[in-house]
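The values are calculated or read from the model by the stated rules, or taken from the named source; none is laboratory data. Just so we're clear, the structure is a prediction, and the values are computed from it rather than from any experiment. Here Cβ is always computed from backbone atoms with ideal geometry, including for glycine, and neighbour counts include all displayed protein chains.
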Amino acid sequence: MPRRISRRRFLTETSVAAAALPFTSAILNATPQESLILWYDKPAAEWTEALPVGNGRLGAMVFGSPANEQLQLNEDTLYAGSPYDPNNPEALKALPEGRRLIFERKYKEAHDLVGAKMMANPIKQMPYEPVGDLKLSFEGHDNITNYRRELDLNTAIATVSYKIGPTTFTREVFVSPVDQVIAVKLTADTPHALNFSATFETPQKASVSTDGKNVFVLSGVNGDAFGIKGGLNFEAIAVVVTRGGESVAQNQKVVIRNADSAIILIAIATSYVSYKNTNGNPRAIARNHLVAAGRKTFEQLRTAHVREHQRLFHRVKLNLGRTAAAELPTDQRPAQFLQGLDPHLATLYFQYGRYLLISSSRPGTQPANLQGIWNNLMTPPWESKYTININTEMNYWPVETTNLPECHEPLLRMVSELVENGSRTARVQYGARGWVCHHNTDLWRQTAPIDGPLWGFWPTGGAWLCTHLWHHYEFTGDKQFLARAYPVMKGAAEFFVDTLVEEPRHKWLVTCPSISPENKHPSNVAICAGPTMDTQIIRDLFNQCVRSAEILGTDKEFSAKLTDVTKRLPPMQIGKAGQLQEWLDDWDLEAPERQHRHVSHLYGLFPSNQITARGTPDLFAAAKKSLELRGDVGTGWSLAWKINLWARLRDGDRAYVLLQKALSPVYAKESRGGGGVYRNLFDAHPPFQIDGNFGATSGIVEMLLQSHSGEIELLPALPAALPNGEVRGLRARGGFEIDIDWKNGTLDHVTVHSLTGTSCRIRYRDNIIDVKLRPGATREIRF
Ligand code: FUC
């Protein structure tokens, strides 16, 4: 069980640390509640200004307009389409020819062949779709004063308040993970002052009806997409309960007159049962949730919601100092951060990442997709699905380190769900055993190569996802979990045992055809053999299989096979500029887009541990050279990856420069695009993509704590801009929780708490301490 961090202890220590900080008075006045709020003095004018709430399954974006409130609604299984089979039987026939062309270096011909014969049909996967909007209209709420809207990360509640004359109107919104409803409370502090109408609107094929005088219902079917017919029904039901006043149904609306307060509970469900079953009964599910929630008072719903949120959220505390800038409306703070005046924005952004993960990925839900669970468009960018050549993995980079292992469950479950369709793709398209997933998947767990050869002909996506199974074990030590995960990892490995082929020059075993994600080599196509990232991922997968089999006491023969194959994988190579080669050939300097956003070959440095300062110094220097050549430009997630990479390269100041870029306001006139944040601190690719939020949260951890090289290293990349601070409750591999306090750029002390681990080695700079601990025990250490 994770340790509860006592608030008293944290606050006491905060006050102590504050004495060393330049911003003493501000810190001493701060309470945790005040310090983790996004707030604004205007309603959201655009979707990326609205505030996200969610329980992993249901999401809402709260706009906060006084006269016309809008809650844009999502349910995480509402994708277009229905179970489908996109595998292309032509592919197997074309495979030998494709390989021959690549090994003869006829890359353009190979690209054309792969494009014509080997891609999925349809060539796109299904988009994630919105449910619609809850619309509340308040006549006469135009001349308002004292406007404020906020999202409190400590309670996961969005609030709007304003005054009309002497009356204060408030709205509170949360999405309960306990009771599975979106709950809205509207109040006015003058009796009978609350008048509004409520209804649903939607871009879906759907109808709105009322039921009695206080219920309204949205019933619809999902969309068709790319030739695949929709096969899901969905239903959203809202019930309005008023205190004082009355409610009547009128033209698909519920109208509330002269109430003191009103509560709206919304339940939403689809007929999705699994990736191959759409026979659920959304009406029954939604009604059951509403009936059960309706038995509780609003206070009871709220208390249970807050308690469950805080159970996860409060496991980690971070204090990087606080200045007066932290009191500004949130959208004014990025500009201050860029000037070095608002270190607390880094804390808020770090905790926002944790908040967004808790709100978009909980046990039993779908994993967080490209937009988490928040999407208002029927045709969202990249279908708002799962791009697994970086984006989905990045979503889960902070999940173990920031003490949210439960939130990993949706992704880990998705990996096991990919096995069935992935085995079909392996068999049909490659004639291979095991399973494979290319660079994307969707609700229907499709695995075939999509989009086109430049993006999609990449067989290593499923293998990368498998490394998350191993990481979950590394952090938790949960052997029962490993026993369930191992067959999934083994199946992914089997695919490569069957499909790796000998390249002609060195006789190394390589993937072919493949790509180094989305980056063209000098032939102006991406198709190639054995890109460095593939080999790194396969080496991880094979090693992790061998270690798992050892731990589980199974599969000696298969492990021996994997060990043999591993010896024949290409080594990582250093090219003519001293860089880590992205491809088998030393093409990096001649590649058409040398500053490409994907830094795939640096997978070996982060998230993997194949390249480390002490273990592989030459490769470490080469990886640094590669990152220098790539430059600091990039999309939101690219900047976030580079924060983690510079932290692994032990350059905290460069990591901090990347964090500043990641936090530049894209809404400011001078912004030139290429990463940044929107007003609601959603990451901008642009457009909005949530991976950058999660990647930055992970990057901040990597500045403070790393545990990938067999030891727990404290403050390995502390930026000069963050000389004083404290963090509580980060997790390290081996089953430990770590608290770190630092002053004037130097470690003050560390507290190690064992969850499951019994011994660890702790490093601070060149000092090492070996620690032995019983599970459950805590030790404070000064170096
Ligand atoms: C990959 C990236 C794009 C984008 C998309 C969702 O294809 O190259 O930049 O993030 O995924």
Out of the residues in segment 507-519 that are part of a loop (DSSP other than H, G, I, E, B) and within 27 Å of the chain's Cα centre (by Cα), which is surrounded by the fewest Cβ atoms within 10 Å (Cβ to Cβ)?
-> 518
So is residue 305 touching a Phe, Trp or Tyr at 6+ places or on another chain (Cβ under 9 Å), of a type outside the set (Phe, Trp, Tyr), buried (at least 18 other Cβ atoms within 10 Å of the Cβ) and in contact (Cβ under 8 Å) with a residue 40 or more places away in the chain or not?
-> yes
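This table checks each residue for (1) within 16 Å of the ligand (Cβ to nearest atom); (2) closer than 18 Å to residue 104 by Cβ; (3) of a type in the set (Lys, Arg); (4) touching a residue at least 60 places away in the same chain (Cβ under 8 Å).
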| site | (1), (2), (3), (4) |
| --- | --- |
| 511 | no, yes, no, no |
| 517 | yes, no, no, yes |
| 520 | yes, no, yes, yes |
| 538 | no, no, no, yes |
| 548 | no, no, no, yes |
Do you know which of the residues in segment 422-464 that are crowded, with 24+ Cβ neighbours inside 10 Å, aromatic (Phe, Trp, Tyr) and under 16 Å from residue 514 (Cβ atoms) is nearest to the ligand (Cβ to nearest atom)?
-> 458
Any chance segment 228-242 includes a residue that's of a type in the set (Gly, Ala, Ser) and at positive phi?
-> no
Considering only residues that are among the small types (Gly, Ala, Ser), closer than 28 Å to residue 47 by Cβ and touching a residue at least 60 places away in the same chain (Cβ under 8 Å), look in segment 63-113 and name the one that is surrounded by the fewest Cβ atoms within 10 Å (Cβ to Cβ).
-> 67
Please enumerate the residues belonging to segment 178-195 that are more than 16 Å from residue 58 (Cα to Cα), hydrophobic (A, V, I, L, M, F, W, C) and surrounded by fewer than 23 Cβ atoms within 10 Å (Cβ to Cβ).
-> 188, 193
Just checking, how many residues over segment 377-407 are touching a Leu at 6+ places or on another chain (Cβ under 9 Å) and away from the ligand (no atom under 16 Å from the Cβ)?
-> 8
Pairs, first closer than 11 Å to residue 649 by Cβ in segment 603-631, second part of a loop (DSSP other than H, G, I, E, B) and of a type in the set (Lys, Arg), C-beta under 9 Å, six or more apart = 613/650; 620/614
For segment 163-177, indicate whether the set of residues that are at negative phi, crowded, with 19+ Cβ neighbours inside 10 Å, assigned to a strand (DSSP E or B) and of a type in the set (Gly, Ala, Ser) is non-empty.
-> no
List, please: which pairs have Cβ atoms under 6 Å, are six or more places apart or on different chains, and start with a residue in segment 427-443 that is closer than 24 Å to residue 382 by Cα and end with one that is within 16 Å of the ligand (Cβ to nearest atom) and basic (Lys, Arg)?
-> 442/385
Residue tally, condition over 28 Å from residue 604 (Cα atoms) and in contact with a Pro (Cβ under 7 Å, 6 or more places away or on another chain), over segment 665-676 | 4
Within segment 690-707, is even one residue surrounded by fewer than 24 Cβ atoms within 10 Å (Cβ to Cβ) and within 15 Å of the ligand (Cβ to nearest atom)?
-> no
Is one or more of the residues making up segment 216-228 more than 29 Å from the chain's Cα centre (by Cα), small (Gly, Ala, Ser) and in a strand (DSSP E or B)?
-> yes
Residues satisfying the stated conditions in segment 576-626, i.e. under 23 Å from residue 716 (Cα atoms), touching a helix residue (DSSP H, G or I) at 6+ places or on another chain (Cβ under 8 Å) and surrounded by fewer than 23 Cβ atoms within 10 Å (Cβ to Cβ) = 608, 610, 612, 613, 619
Does segment 250-271 contain at least one residue that is closer than 23 Å to residue 82 by Cβ and either without any contact (Cβ under 8 Å) to a residue 24 or more places away in the chain or polar (S, T, N, Q) (or both)?
-> yes
Does residue 85 fit the bill of being acidic (Asp, Glu), closer than 20 Å to residue 126 by Cβ and out of contact with any strand residue (DSSP E or B) (no Cβ under 8 Å at 6 or more places or on another chain)?
-> yes
Those strands (runs of 3 or more DSSP E) lying entirely in segment 688-781 with at least 2 residues at pLDDT 95 or above and among the basic types (Lys, Arg) = 725-732, 759-764
In segment 615-659, which residue that is away from the ligand (no atom under 16 Å from the Cβ) and among the β-branched types (Val, Ile, Thr) is farthest from residue 601 (Cα to Cα)?
-> 657
Could you check, for segment 465-474, whether at least one of its residues is within 16 Å of the ligand (Cβ to nearest atom) and at pLDDT 95 or above?
-> yes
Any chance residue 739 is in contact (Cβ under 8 Å) with a residue 12 or more places away in the chain, closer than 30 Å to residue 369 by Cα and among the charged types (D, E, K, R) = no
Looking at 654, 614, which one is of a type in the set (D, E, K, R), modelled with pLDDT of 95 or more and assigned to a loop (DSSP other than H, G, I, E, B)?
-> 614
